[in-house]
1. Provide the per-residue ³J(HN,Hα) series for the range 6-21, in order, calculated from phi with Karplus coefficients 6.51, -1.76, 1.60 and θ = phi - 60°, each as a whole number of Hz, with x at glycine and proline positions.
2. Given points 7 Å out from each Cα along the Cα-Cβ axis, report the Asp478 to Thr380 separation in nanometres with one decimal.
3. Distance in nm between label sites at Lys250 and Lys388, each 7 Å beyond Cα in the beta-carbon direction?
4. Using a probe of 1.4 angstrom, how much of the accessible area of the chain is carbon and sulfur, in percent?
5. Run the quick spin-label model on Asn438 and Ile218: label points 7 Å from Cα toward the beta carbon, then report their separation in nm to one decimal.
6. Skipping prolines and chain starts, which residues have an amide H placed within reach, meaning under 5 Å, of the one on His222, given they are 5 or more residues away or on another chain?
7. How would Trp126, Trp414 rank on accessible area, largest to smallest, probe 1.4 Å?
8. Counting pairs of alpha carbon atoms under 8 Å apart in space and at least six apart in sequence, what relative contact order in percent does the chain give?
Amino acid sequence: MSKGTFYITTPIYYPSSNLHIGHTYTTVAADAMARFKRLTGYDVMFLTGTDEHGQKLQRIAKENGMEPKEYIDKIVEGVKKLWETMEISYDFFIRTTDDYHKRRVQEIFKKLYEKGDIYKGTYEGWYCTPCEAFWTETQIVDGKCPDCGRAVELTKEEAYFFKLSKYQDQLLKLFEENPDFLEPESRRNEMLNNFIRPGLEDLCISRSSFDWGIPVPIDEKHVIYVWLDALSNYITALGYPEEKEGAYQKYWPADVHLVGKEIVRFHTIIWPAMLMALGEPLPKKVFGHGWILLEGGKMSKSKGNVVDPVILVERYGVDALKYFLLREYSFGQDGVFTNEVLFNRLNSDLANDLGNLVSRTITMIEKYNGGIIPAAKGETETDADLKKLATSVSGIVEKKMDRLDFSNALEEIWKLVRRTNKYIDETMPWMLAKEEANKERLDTVLYNLADSIRIISILIQPFMHSTTKKIWVQLGLDEGQGTTWEDTFVFGKLPSGLKVKRQAPLFPRIDVAEELKALEDMGAKKTDKKQQPQDKAESKEVAKTQEKPEITIDDFAKLDLKVGTVLECKKHPKADKLLILQVKIGEETRQIVSGIAEYYSPEALIGQKVVVVANLKAIKLRGEESKGMILAAEKDGTLTLVTANIDDGATVS
Ligand code: MSP
């Protein structure tokens, strides 16, 4: 049964092929919220779209030798593709050039005009073309736009005005009586003190100096100035004013409009005043989030690959990028983006904490119970402590999400991830596995680990739904087997007897130095576009030379392949990808360094019978001697050790 409706919106974007991760921030946040509400039982309407009118777009289209619509159509295709790449689960995409929107905006204009809230006058003011915003004398700063800092032009023309000043008292009341209407608190104070209390001026809502816009229905010489057009999208998308019975009745008023801080003024002063004039209910909340900045200031795609969402998704995956954006930055505040911040976050939270937890657990279930999730038998204090935390997280997450506190919602989930990793260290399953007498305890530990992972997989679903599915595959779990939100409140919902399936690591570790270099190289290549075809040819050549040449039996006979037992294994202190193993080959025990740390935890290797290239010349790997090499097979990005069911010292030939 549905818990009710939930209507969430992003701003509609100016069509641009230069969307950077800052732009994706609002949409990623809205997506997480929409998925969270759907998961927790709401009937969700998630709206996004594009804001396609205005002088600036008309000018750019002309510079490109195209009609505005023709030019914009192409870009909008790209915007939609970006949201597809980012796996944004919007329910409806509105374009302000859609016929229904244009018609409905004209209806809205007429209603306001007939009510006497729109009148014709002369506009004289400072206009910022890039921001498409008019500013008063008192608002401009040193002759520049207070938002973007660029030059403004003094403009005078006949125009239509909306009586914003008439709604001053009602707006003051709205802010004073509904402290939750605009969050965070700091933005509320800014609107009250800088705009509403000093007094509101009527708002120019038409232009006659360009014609790329919705015609004013009562005066074809004018087009509707962008904010009345753009803001109306939140209700025209639902059918207003033509179809007030359907989606509009169901979803309006919006539960939350998510907007960046620079457009809070439009959403919390002009928009509510328009709705008051129309006699329609106001949105329940507007949340003005902060900006993601680069170290040198504002973000722009020209500043490098790393702010290009498509490149980031290609290199680290959608889930990792979404997690990073929502975990790293506090939603209401500005934050600074650097490569190092990104890589550290992905390595520590995703590769180390979550990735390792899943791979360690699956490996241990494979190794100690033939890959079958055992049933739990009994409960110790440590178990009870883990279960208590595991079943309490969802309640806390609900509270954080209702406050749009994405970062702390994720932090709460990660408390459980880290607690579950600690549970492995406390219970030491590899020690339990040594004694048959401990089998029941081992079963309980393995089950508790797997069930905690089940709970975690559901908790992360709004943020990283593909990772959820990947974890279910590894647990051998089908949707419906303890996978609903309600199931996160209960421990023990994971059916025992499932067969686990180890897969590629969820999040490969990033070698920070290597990755920085790769991004730098890409940047260099990108600036030298002419070289691209040549690069492609070169990469084909490389692929060809990687096919290995034919060998004779004599070549093969040079290899001394031996079976060895892993006695000890630890992480390399200086290299994340390496493990240091002590391997017994018959009488001899030798040290081998192997690059399998991403695929195996040290404890999972102890006791394994592996195949060693025993006569490989010894080398030092990051300061540690390695005498020989362990064979492993690679498929679909996962490495699996080649193991042998025979005594160590045996020769493989
Ligand atoms: N078209 C208007 C919105 C009209 S809504 C009725 C607009 N479009 S925009 O494309 O410029 O911005 C869309 C969203 O991206 C805004 O919420 C804006 O704050 C956000 N961001 C753009 N750059 C950003 C960062 N660097 N960081 C975070 N968000 C940023 O405004």
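The values are calculated or read from the model by the stated rules, or taken from the named source; none is laboratory data. Keep in mind that this is a model prediction, so the values were computed, not measured. Note: ideal-geometry Cβ built from the backbone for every residue, glycine included; neighbour counts use all protein chains shown. The protein model used for the area step is the full one, side chains on, heavy atoms only, and it has no ligands, DNA or RNA in it. Shrake-Rupley method; radii C 1.70, N 1.55, O 1.52, S 1.80 Å.
1. Values, residue by residue: 9, 10, 10, 10, 9, x, 8, 7, 5, x, 8, 8, 10, 5, 10, 5 Hz.
2. My value for the distance between the label points is 3.5 nm.
3. 4.5 nm
4. On the way: 14530 of 29450 Å².
The value for the chain is 49 percent carbon and sulfur by accessible area.
5. 8.4 nm
6. Val216
7. Greatest to least solvent exposure: Trp126, Trp414.
8. On the way: 1072 pairs, mean separation 71.7, N = 653.
Averaging sequence separation for qualifying contacts and normalising by length gives 11 percent for the chain.
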